[in-house]
Structure formats: C-alpha cells, structure tokens
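Undergrad: Just passing along the structure, written as structure tokens.
The values are calculated or read from the model by the stated rules, or taken from the named source; none is laboratory data. Computed from a predicted model, the values in this text were never measured in an experiment. All Cβ positions, glycine included, derive from the backbone under ideal geometry; neighbour counts span all protein chains shown.
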Amino acid sequence: MTKPQTLSLAQPLLLDGGGTLRDVRIAYETYGELNEERSNAILVCHALTGDQYLASTHPVTGKPGWWERMVGPGKPIDTGRFHVVCANVIGSCLGSTGPASESPGGGPYAMAFPVITIRDMVRGLVALLDGLHIEKLHAVVGGSMGGMQALSLASNFPDRVARVLAIATTARHSAQNIAFHEVGRQAIMADPEWREGHYYSHDNAPDAGLAVARMAAHITYLSEEGLTEKFGRRLQDRDTPGFGFDADFQVESYLRYQGSGFTRRFDANSYLYITRAMDYFDLAQEHGGSLAEAFRASAARFCLVSFDTDWLYPTEESRHVVHALNAVAKPVSFVELSAPYGHDSFLLDVPALDKVVGGFLND
Amino acid sequence: MTEADTALRPDLAVILRRVEAGSRALDVGCGDGALMAALRAKGVDARGIEIDGALVADCVGQGLSVVQGDADRDLTFYPDGAFDYAILSQTLQTAERPDKMLRELLRVGRRAFVSFPNFAYWRMRWALLSRGRMPVTRHLPVSWYATQNIHHVTVKDFEALADELGVAIERRWFFTNERAVGEAQANWRAEYALFEVS
C-alpha cells in the first residue's frame, strides 16, 4: 500500500531565523492514487511528535499509523478518492533533515541545527509538493501542530490549497503553551547525558530528560475528567500504598510507560527544536499584527474544530481564528465538539469528528 | 414551487424564492441547515451561524459553511455589507436585544429577512384572556419559565421598531397553520410573520 520515500530538495531552504538549510531531505508517505489532473491531493500535517506514518505501520514501534481511524479506503479522508500525502517535518527525526542528520561539515548537526519555525516546516512541505508536481491541494489537514502548519500554509501559500481543516489548534502559542514546553526542554537539558546536544556518539542519550518532558506534555494532552475516569486514585499492582517512591498509582505507572516508550522513537534534540518552533508561532505577527490580514489573500474554505475538554488549545483559540476569517469574509465552518479526551480527542474515537471531516473534505 | 420549496417551512420557502442565485447570504440561527442547503442548491453563497454544536456538526457534515456561535455576540466579527442578505428566522424573540440584532443584520447584510411568531395572534390573545396563562402553542411550545423566547413581539411591535430604527419594510408575508394568509388584520390572524427589510 505504501513505500518509504524521501525527496532531496534541489534548493536550500531559506529560514525565518535568517539562515539557510542545505541538502534538505523530506521523508514522506503517500496513500491512494493521484488523479490525472493532479487535483485530488490532501496534505496531512503531523503534530509535535508525530510522523509521516499516518496510515501505515510505524517502523520503530510496529504500531498502526497514528490516524488510521481517519485515513483509508472509505474512511473520512478516503484514500479511494484522495491522494493523501504525509511528510515528516524538518527538525524531526523520522527521515527528514533534523538535528540528528549529517551536517555539511560532517557529523550530526546537534545544536548547530538552525532554529526553525512552523513557516519553515511549511516551506519544506511546499517544496515537497513542488517535487511531487502538486500545484494545488484539494485540502490541507492537521491537528495540533499540524493545524498550525495548515493555517500557515493557507496564509503564506494561499494559491496552493482549496480547503483548510485545522483541528484542536491555535494561531499563536500562549504563555501557558510556551511554559509547558520550557519545562520539557529544561528537563532534557538538565539531563547530564544531553551534553549540550552532542550525545549522538555516546552510548547514552538524554532519555531520562526526554521521558520527563514527554510525561509533563502528556498530561497537557489529556483532560482531568479523562485522567480521573481512566485512573482515579487507583493503585498499580497493589492493594495498599507502598509508602515509597515507586509508581504506586496507576497514573504514575502510565506516565512512566509513556515517557520511556517515547524515548525509543524520538530524538531529544528534535524535541527541543520542534517545541521551539511551536513557541515562536504567531500567525498574526507574521502579517503586521493582524490575523485577518494573514488570511486576506486566501481563496480557500476553512473548517476549524475544537474540543470542549481541550485545555491546551481551548475553543477560544479556534474562535479567535474564526473571527479573523469572518473579518475578511472567508468561508469558514467552526464547531466545538464534545469529547472526554482533552487535546488528544482529535486522534481518538469521536464519531462527530469523522462526520465533520468527511463532510468538509467531500463537498 | 420546486421540490426544495415544499420541504421547507413556508417562511423559509419564501426566503429561498427571494434570494437570487449568485448572491451571498448569512443564515443566523441556521439550525439543521435546511434553508442553507436549498440556497446552496440554487447557487447562493450561503453561510450560517448556529449555537447548537450538534446541529453545526450536522451542517458541516453536509458540507455547509456554518460557524458555531452566538448571534448576540458573533455578528460583530463580520464586516459591514459582507452579505447581500442576512436571514433571521424565528429567532428575533430570543435575542438579548432584538433592536440591536436588527441593526446588526442590516449592517452585515444589505437586506434582511426576519420571521417571528406573532404574540398578538388571536389564539394567543384568547389563551391569555380566557385562561389567564401564558400561551403554549405550536410555534411557542415551551412554558414561560423554560422558553428561550425572552422578547415576545407582535406584528405591530415589529413595524413600530422598524419605524423607530429607520428600517424600511420592503415586503411582508403572514402565515397561519403553515399557509400564507393575507395582510388584512394580520396582527390578529397571523400565527407568524416574515419581513424583508433594508
């Protein structure tokens, strides 16, 4: 159904930070056939720790694709009808150029990798579309950081996309968002194995720091209601408290598992760079301080979806985007869906989301 | 009448007939999107606002451009004259301030359609007079303590408000038992009314 693919960009990427990134490789997966008119392509953008394995088995974890419930034949993003493209963003670690990649001077970039932005990631994705000879997307779709890329693509490359579906996302990172990311970064950098980023040639990576970063972040992806329902105050494999610091509570055990599992599939430096890119994201600031101006040139239809239990990118953030789109009279749909899973709802079983996604894309 | 017309409530069918293909319309309180779908089929660029998330999900699932929002607050985010028509069907009486709502409709739309249940309909008057209780009818089905209809209005009240605000009434239609009735004694005879204003 799919084969691993990588595109080497002929041109260097000019970055928001002023630098350039040379010899860029973009790893991507595709699902479904591109039609003769090359008009049925949907670009799906992944979240912070996501990857291009949207609807195919992850090569490291062996787990199903991260959005298999949404993408496939007859599913809301119907690969029987659409040619679906999903690429690893630059800065990440699943085949696209990132801090673990070989630098032009030899050896991994590590912290010599330039700080990138969401728009830089999008520049990489657009270069991929150029390479695939896809002039205009039927749609760009993304949740969380994927939604930021979708909004950024619509704003910075208005001619490249006809529909924009941005789920559980925001047009700017809030102080709270930045704060949580900073906790994660500091956890990584406080790990002695981090070695100012130069751990690639050593036996140990800063796994302890990266696991703590993931644990803290994971809490922000869930709702209190969801945590309470799933774990409550239940103890793990025991009937009475141990009066020690083992993972007595189920929720502790779960977070430790999430943290350690994550270190097996993700590079700590990539985590630093991608969280930084998200923190710098402020679509209005890129356009003279007006979010409405960011969308003025777009001829796309927009759909924004938020979840009532998402406190990481709460409904107000989506509403803020909707109001900006209203101000420039763009066709926009918006719905706050009810789901118990917090920010992660966009990845989970929310039938109303399927209906909205399918309806918006198939129109 | 087309097939879409007959499936719609009579006031919506009138609106569907009046809104020209190629124009832009905003349906404020669009519900399940029945009017929007019919407008779109006619070639109207139709957008909607609806407060009920489940209804919005239905609309978006049909491919309609509907924003979940509160008409009392969210109209302000639309620029002046963004639409040829603003439509407010059976919702005026739920607005926090119907006068401000009417002004907002005519700010974002060049023209507006406004329909509402007529509180001076003779059955209402009779229920109040004979039983001394707030009427509960087909068009006002909820008891006084639970109703969203916080500003009951009559045909004459609406006409007086339009006059006060300098709003021109272009056309009016009246309905009882889902059938059109004449203008004569409409404030007695009409169960609900539809106005086209500018």
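Undergrad: So which of A:A352, A:A277 ends up being in contact with a Gly (Cβ under 9 Å, 6 or more places away or on another chain) and under 24 Å from A:T228 (Cβ atoms)?
TA: Exactly one residue qualifies, and that residue is A:A352.
Undergrad: Quick check on segment A:292-309. Is at least one of its residues away from chain B (no Cβ under 14 Å) and out of contact with any Lys or Arg (no Cβ under 9 Å at 6 or more places or on another chain)?
TA: Among the residues of segment A:292-309, at least one is away from chain B (no Cβ under 14 Å) and out of contact with any Lys or Arg (no Cβ under 9 Å at 6 or more places or on another chain), which makes the answer yes.
Undergrad: Let me ask something else about it. Considering (1) crowded, with 17+ Cβ neighbours inside 10 Å; (2) at pLDDT 95 or above, say which one B:R110 fails and leave the rest.
TA: (1)
Undergrad: In the list A:A292, A:A329, A:A339, A:A324, which residue meets the criterion of being at pLDDT below 95 and in the same structural domain as A:A166 (by TED's automatic domain parsing)?
TA: Going through A:A292, A:A329, A:A339, A:A324 in turn, the sole match is A:A329.
Undergrad: Quickly run through segment B:146-175 and pick out the residues that are modelled with pLDDT of 95 or more and among the hydroxyl-bearing types (S, T, Y).
TA: Listed by number, the list holds a single entry, B:T154.
Undergrad: Shifting gears a bit: Name the residues in segment A:61-71 that are closer than 19 Å to A:A47 by Cβ and not polar (S, T, N, Q), would you?
TA: Those that are closer than 19 Å to A:A47 by Cβ and not polar (S, T, N, Q): A:K63, A:P64, A:G65, A:W66, A:W67, A:E68, A:R69, A:M70, A:V71.
Undergrad: May I ask you to list the residues in segment A:56-83 that are part of a loop (DSSP other than H, G, I, E, B) and of a type in the set (A, V, I, L, M, F, W, C)?
TA: Filtering segment A:56-83 for residues part of a loop (DSSP other than H, G, I, E, B) gives A:56-70, A:73-76, A:79-82.
Across segment A:56-83, the qualifying residues are A:V60, A:W66, A:W67, A:M70, A:F82.
Undergrad: Let me ask something else. With the requirement that a residue be basic (K, R) and surrounded by 12 or more Cβ atoms within 10 Å (Cβ to Cβ), what does segment A:227-241 give you? Don't jump to the end; show me each part of the working.
TA: Quick first cut of segment A:227-241, residues basic (K, R) only: A:230, A:233-234, A:238.
Listed by number, the list holds a single entry, A:K230.
Undergrad: A further question follows. Scan segment B:53-69 and give yes if some residue there is hydrophobic (A, V, I, L, M, F, W, C) and under 15 Å from the mean Cα position of the chain (by Cα), otherwise no.
TA: Scanning segment B:53-69, I find no residue that is hydrophobic (A, V, I, L, M, F, W, C) and under 15 Å from the mean Cα position of the chain (by Cα), so the answer is no.
Undergrad: Criterion first (surrounded by 15 or more Cβ atoms within 10 Å (Cβ to Cβ), of a type in the set (V, I, T) and in contact with a Ser or Thr (Cβ under 7 Å, 6 or more places away or on another chain)) does A:I26 satisfy it?
TA: yes
Undergrad: Find the helices (runs of 4 or more DSSP H) located wholly in segment B:5-104 whose residues include 3 or more that are within 13 Å of chain A (Cβ to nearest Cβ) and free of Cβ contacts under 8 Å to residues at least 40 places away in the same chain, and list them.
TA: Fully inside segment B:5-104 and qualifying: B:34-41, B:53-61.
Undergrad: Report, by residue number, each residue of segment A:354-363 that is within 7 Å of chain B (Cβ to nearest Cβ) and touching a strand residue (DSSP E or B) at 6+ places or on another chain (Cβ under 7 Å).
TA: Answer for segment A:354-363, where residues must be within 7 Å of chain B (Cβ to nearest Cβ) and touching a strand residue (DSSP E or B) at 6+ places or on another chain (Cβ under 7 Å): A:V356, A:F360.
Undergrad: Out of the residues in segment A:328-353 that are more than 19 Å from B:R47 (Cβ to Cβ) and within 9 Å of chain B (Cβ to nearest Cβ), state the one that is nearest to the chain's Cα centre (by Cα).
TA: Taking segment A:328-353 and keeping what is more than 19 Å from B:R47 (Cβ to Cβ), we get A:337-353.
Checking the rest, the ones that are also within 9 Å of chain B (Cβ to nearest Cβ) come to A:337-338, A:352-353.
Values: A:L337: 20, A:S338: 22, A:A352: 21, A:L353: 18 Å.
That would be A:L353.
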